[in-house]
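Here is the structure we will look at.
Here, each number is a calculation from the coordinates, and none is a lab measurement. In this text, all values refer to a predicted model and were calculated from it rather than measured experimentally. Positions of Cβ are backbone-derived with ideal geometry, glycine not excepted, and every protein chain shown enters the neighbour counts.
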Amino acid sequence: MPSATMNAQVRAVWTSEEGSMAKQTAETRWAKIIQGTIDDIGETAAADDVDGQKRAESIAIQIALKAIKKRIEQNKPLTPLPDDGKLDIQDWNKQLAAIGECSWINCPWLFGECYMYRSIQRILNSSKHWQNYDVFKRQKDSTFVKSRAAVEELASRYMQIVADTRLAQNESKEDAKKLLFIEMTEIALWGNATDLSLLANLTLEDLQKLQGREAIKKSQRNIVDNDIDDVWAYLQRTAGQASRQIDIVLDNAGFEFFTDVLYAAYLLEAGISTSVRLHTKEFPWFVSDVIPSDVESLFEHLDSSECFPGREYLDQVIPRLRKFFQSGAITTTSDPFWTTPFSFHEMPSEAPALFKELQHSYLVIFKGDLNYRKLTRDGMWPHITTYEKALGPLGKESDVKILALRTNKSDVCVGVPTQSKVDALNEEAPGGAWIRNGKYAVVSFNEGR
Ligand code: F6P
Ligand code: MG
C-alpha cells in the first residue's frame, strides 16, 4: 500500500474497504453532497436581484460540479487539481502523487473526502463572482433554526450553571465544581452528534432531565473512552499558571457552535481559562464546519426573535457572550492547515508554526469526528490501542495537551479500556454501529508528557 497512507503502526481506511463507513460514504453520500451544492447555486442564481454576469457564471459552475459528481458515480481516477491561484494546490497534488494511482471508490478515505471539498472550492476560486460564496450556508442555517427548542432551553440551563458555578466557587465546593465542568463538557460533546434528536425538540423538563446528574451518568455509559477525571485533575493541578489559553479547534456551525461558544464562556466564567481561541476553517468544509462568516451568523440567528422567539434567557446569555468576544477573551483564528488533507500526525512537519503554538496552549480541545480521524490518522487501529499511541507525534512527549470531544461517526475508535468492553459494545451495537451512529462518543485526553 502507498506510503502516504501508512506508517509503521497503522493502515489508513480506504473507500474500497468492504463493510466500512468509508465505502458507504463514498458510494452513497458524496454524489448527494455535490448535488446539494448544484441545487444551492441554482437557487441562489435564480433570485431576482442576482447580477446577470453572476447568473451566467453559475451555469459554468454547475456544469463543473456535475462533472465531479459524474466522476464519483463512475469511480474515475483522482487527478491533480488544476491551479486556482492558491498556494496550497501544489501540496494537494504532491500528496496525490505520493498515494499513487487511486480512484474515488479506491482511495484513502481521508484524502478522498478532503479532496472533494477542495475540488468544490477550486471551482469557486476560479470564478469571478462566486469566490467567497458559501455553498453550504443555506443548509447550515436551516438546520440551526430547527434546533430552536434546544437552543432556548440551553440558554436557560447555561444561566443556571453560571449561578451554580459562582456558588460552588464562593463555598469552595470542589465536587460541585467538577460536576458543573463535566456537565458543560458533555453539552459540548453531545452537541457534535449528527442526530440532534439527542438535544433538539425537547421541553424544559426533558432537557433538564437530559442534562441533570442522572442523565449525565446515563450518557456517560455511551462514552467508550472517558478521560474526564484526568482532564479535571490536570486543570486542578495547573490552576495556578498565570496564562491559561484554551484552544478549541471547532467542528460544526449552528447548534454545535452554540454549545462550543457557551463552553468557551463557561471556561472563562469558571476561571478555568484566561482566554479562549476558536479555530475555524478558511473555506466551506465537510458541509457544516464553522467558517469565519458563521461567527457573526451565529449571533444574527440568536438575536432574531423570528428564529428563537423564547427570549427570556437568550437575552441574558447573548450580551455575556458578546462581551467575551468584544474584550478579546474569546478570539477566532483560521489556519490553512485545517483544510489540508494531512492527518495531524503530519502537523509537526507540514505546519511547524501551528504545532509550536499548540504546544504553548494550556489545553487544545478538538471537536468532532473529522478532527478525531485526523488525530488518529484515520487508522484501522485495534480499538484497545491507547489514545496516546494513536496520536503518534502528537502523543507521547509532544508537549501538546489534547482533549478530543467526539461523537463516533466513522471507522476509527481507540482508547477502549479492554477487549471485553469492545466485545460487549459489538454485541450491544453490532456491525460497528457504536463506532458510526453518533450515539457513542469519546472524551479522550492526553497530556503529551
Ligand atoms: O458521517 C461521515 C462523515 O461525513 C465523515 O466523513 C466525517 O468524519 C464526519 O461525518 C463529519 O463529522 P464531524 O462534523 O463530526 O466532523
Ligand atoms: Mg464537521
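Averaged over all directions, how much area does the convex hull of the C-alpha atoms of the chain cover when projected, in nm²? The number I arrive at for the chain is 21.4 nm². Long hydrophobic helices in the chain: the complete DSSP H runs spanning 27 Å or more by Cα along their own axis with mean Kyte-Doolittle hydropathy of at least -0.5 are 52-73, 148-170.
Here the range 388-449 was treated as a single set of alpha-carbon atoms; its pair distances binned every 10 Å from 0 give 22, 45, 27, 6 percent.
Each Lys or Arg adds one and each Asp or Glu subtracts one; over the other residues with Cβ under 9 Å from the Cβ of A22, this totals -3.
Taking every DSSP helix (H) stretch of at least 4 residues in the chain, weighting each as -39,500 (n - 2.57) and dividing the sum by the residue count yields a mean residue ellipticity at 222 nm of -15500 deg cm²/dmol.
Size descriptor for the range 321-436, Kirkwood hydrodynamic radius: 15.7 Å (Cα pairs only, one decimal). Spatially, the range 244-298 and the range 119-161 are offset by 13 Å when compared through their Cα centroids.
Find, among the GluC sites (Glu not before Pro) in the range 230-337, those assigned to loop by DSSP (not H, G, I, E, B) with at most 11 other beta-carbon atoms within 10 angstrom.
Values: sites: E256, E269, E282, E296, E300, E306, E312; in loops: E282, E306, E312.
Answer in residue order: E306, E312.
Counting every alpha-carbon pair across the range 137-178, the share separated by more than 12 Å comes to 66%. Pairs from the list K178/K367; K23/K137; K177/K409; K173/K367 with a Cα-Cα gap above 23 Å: K23/K137; K177/K409; K173/K367. Charges were assigned to the Cβ only: +1 to each Lys and Arg, -1 to each Asp and Glu. The resulting dipole of the chain about its Cα centre is roughly 500 debye.
Taking a spot 7 Å from the Cα of K396 along the direction of its beta carbon, which residues of the range 431-449 have an amide N less than 19 Å from it? Backbone N within reach: 445-449. Treating each Cα of the range 1-89 as one equal point scatterer and applying the Debye formula with no solvent, the log10 of I(q)/I(0) at q = 0.14, 0.15, 0.25 Å⁻¹ comes out as -0.72, -0.79, -1.22.
Among the cysteines of the chain, C114, C307, C413 have no other cysteine beta carbon within less than 4.7 Å of their own.
For the chain, the antiparallel share of DSSP beta bridges with both residues in that region comes to about 35%.
Taking the Cα centre of the range 313-449 as origin and assigning +1 to Lys and Arg Cβ atoms and -1 to Asp and Glu Cβ atoms, the resulting dipole is close to 380 debye. All Cα-Cα separations within the range 101-171 were binned at 10 Å from zero, giving a P(r) of 15, 21, 21, 19, 16, 7, 0, each value a whole percent of the pairs.
Here the range 244-342 is treated as a Stokes sphere of Kirkwood radius computed over C-alpha pairs; at 4 °C and 1.567 mPa s its diffusion coefficient rounds to 92 µm²/s.
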